[in-house]
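*Asks:* Quick one: the structure is below, questions incoming.
The values are calculated or read from the model by the stated rules, or taken from the named source; none is laboratory data. Since the model is a prediction, treat every value here as computed from it, not as a measurement. Cβ sites come from the backbone with ideal geometry, for glycine too, and all protein chains shown count toward neighbours.
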Amino acid sequence: GESVGLHLPTLSVQEGDNSIINCAYSNSASDYFIWYKQESGKGPQFIIDIRSNMDKRQGQRVTVLLNKTVKHLSLQIAATQPGDSAVYFCAENIAGGYQKVTFGTGTKLQVIP
Amino acid sequence: GAVVSQHPSRVICKSGTSVKIECRSLDFQATTMFWYRQFPKKSLMLMATSNEGSKATYEQGVEKDKFLINHASLTLSTLTVTSAHPEDSSFYICSARKQSVGELFFGEGSRLTVL
């Protein structure tokens, strides 16, 4: 399944399928991007990050793709499992005098057993 | 891995009182700490960026006199919600990073309820 975060805040996928969560960022000065997973009532957990001099990075079952031309970031989760159900946020590090990290809207991923 | 501890995890207070939330990096020195606020089913909203030994940088629209941030050491930052009102009820989350650019490590959050 595929989601555009701002317009489709909930993504439902069948267990075992691949998930794609999308994120648009706005600041061209952003130089570092992070995907976080948040379960209900808890703080965000780091999933994977990517620097702006890269366009792809792979982790265990996850891949992040960065397209700086259109300011777009995506998170691909392979073989989605019930434990992947959570809200996923992309975050961008905005370079400047004070480095700061701001979060996107978020996408809720629901895995159907 | 790096651990950030936040305390208290839940606090209930009366309107008009002040509440202090602590954020500690347990196994690393944090050059920068961030404070976020999160409403139900919403994203994290950055409130302020805190560097050790200097004044916090607040985001636009965040009242610095309302939300006092102190970053006294490389392992501790505190957020004090002064004269709390019911609209201040929220989930407050802190994060810390080791380097100027890099992964943020998050605390488990503090849920504030103001009666």
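*Asks:* Take segment A:79-108 and flag every residue that is away from chain B (no Cβ under 14 Å) and surrounded by 15 or more Cβ atoms within 10 Å (Cβ to Cβ).
*Replies:* A:80, A:84, A:85
*Asks:* When segment B:55-93 is examined, which residues are found to be more than 19 Å from residue B:43 (Cα to Cα), outside any loop (DSSP other than H, G, I, E, B) and among the polar types (S, T, N, Q)?
*Replies:* The answer is B:57, B:70, B:73, B:77, B:78, B:80.
*Asks:* So, one more: From the list B:67, B:39, B:34, which one is surrounded by 19 or more Cβ atoms within 10 Å (Cβ to Cβ) and within 13 Å of chain A (Cβ to nearest Cβ)?
*Replies:* Just a single option satisfies the conditions, and that option is B:34.
*Asks:* What number goes with the only condition from (1) out of contact with any helix residue (DSSP H, G or I) (no Cβ under 7 Å at 6 or more places or on another chain); (2) at pLDDT 95 or above that residue A:95 does not pass?
*Replies:* It is condition (2) that residue A:95 fails.
*Asks:* Scanning segment A:17-50 for residues that are more than 13 Å from residue A:89 (Cα to Cα) and at the interface with chain B (Cβ under 8 Å from one of its Cβ atoms), which turns out surrounded by the fewest Cβ atoms within 10 Å (Cβ to Cβ)?
*Replies:* Only one residue tops the list, namely A:41.
*Asks:* Here's something else I'd like to know. Restricting the search to segment B:77-102, which residues are touching an Asp or Glu at 6+ places or on another chain (Cβ under 9 Å) and either touching a residue at least 12 places away in the same chain (Cβ under 8 Å) or among the β-branched types (Val, Ile, Thr) (or both)?
*Replies:* Within segment B:77-102, B:77, B:78, B:79, B:81, B:82, B:93, B:94, B:97, B:101 qualify.
*Asks:* Now for a different question. Quick one: is residue B:50 within 13 Å of chain A (Cβ to nearest Cβ), hydroxyl-bearing (Ser, Thr, Tyr), within 11 Å of residue B:109 (Cα to Cα) and part of a strand (DSSP E or B)?
*Replies:* So residue B:50 fails the test.
*Asks:* If you don't mind, another one. Please count how many residues of segment B:73-115 are within 15 Å of the chain's Cα centre (by Cα), over 17 Å from residue B:57 (Cβ atoms) and at the interface with chain A (Cβ under 9 Å from one of its Cβ atoms).
*Replies:* Here the count works out to 8.
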